[in-house]
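The values are calculated or read from the model by the stated rules, or taken from the named source; none is laboratory data. Not measured: the values here are computed from a predicted model. Here Cβ is always computed from backbone atoms with ideal geometry, including for glycine, and neighbour counts include all displayed protein chains. Calculation scope for accessible area: heavy atoms of the full protein, side chains included, ligands and nucleic acids excluded. Shrake-Rupley method; radii C 1.70, N 1.55, O 1.52, S 1.80 Å.
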Amino acid sequence: MIAIGTEPQDPTLDSADHWQRVMQGHAAANMVPVVASNRVGTEVLLDDNGQERQRITFYGRSFITNETGVIVKEAGKGGSRNGRDILVSDIITGENRATRAAWGLFRDRRPELYGILQTKDGSTHMR
């Protein structure tokens, strides 16, 4: 589950569309469907004295993409951010695998070089 809402440092910012495009990009770049679920409503965080410290209004707008990033199901269509929709979509793994193979995205992978990416500092080889 993802919790994305108003930005506490500037409540006038609305990053909902940006968040959605980024998630669609993740789907397309990795050729995998993405299920992005988000909360709805407002959360008020209080300080030790019970005074409001921060307020976040969550966007809702959960969605499901196919492996190319196209949205196939979306909650809150029509601008509503308060719905409690349940989204269901079939993901056919065989078709997804075939699409990835056809696009050739993983053809030139070199997994033997990935070890360095799993280190904390990016320079120490794993043992």
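Numerical summary
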read-out: The chain - mean residue ellipticity at 222 nm from DSSP helices (-39,500 (n - 2.57) per run, n ≥ 4, rounded to 500); value: -6500 deg cm²/dmol
read-out: Rounded tilt (10° steps) of 93-103 against the dominant C-alpha axis of the chain; value: 60 degrees
read-out: Relative contact order of the chain, defined on C-alpha pairs under 8 angstrom at six or more residues apart (%); value: 19 percent
read-out: Rounded to 10°, Cα long-axis angle of helix 16-30 versus longest principal axis of the chain; value: 10 degrees
read-out: From the coordinates shown, Rg/Rh (Cα atoms, Kirkwood Rh) corresponds to which of (1) 0.98; (2) 1.78; (3) 1.10; value: (3)
read-out: Heavy-atom accessible surface of the chain: percent carbon and sulfur, 1.4 Å; value: 51 percent
read-out: Assigned charges on the beta-carbon of Lys, Arg, Asp, Glu; the chain dipole about Cα centre (debye); value: 500 debye
read-out: Accessible-area value, THR68, 1.4 Å probe, nucleic acids and ligands omitted, Å²; value: 50 Å²
read-out: DSSP bridge pairs, the chain: antiparallel proportion in percent, nearest 5; value: 95 percent
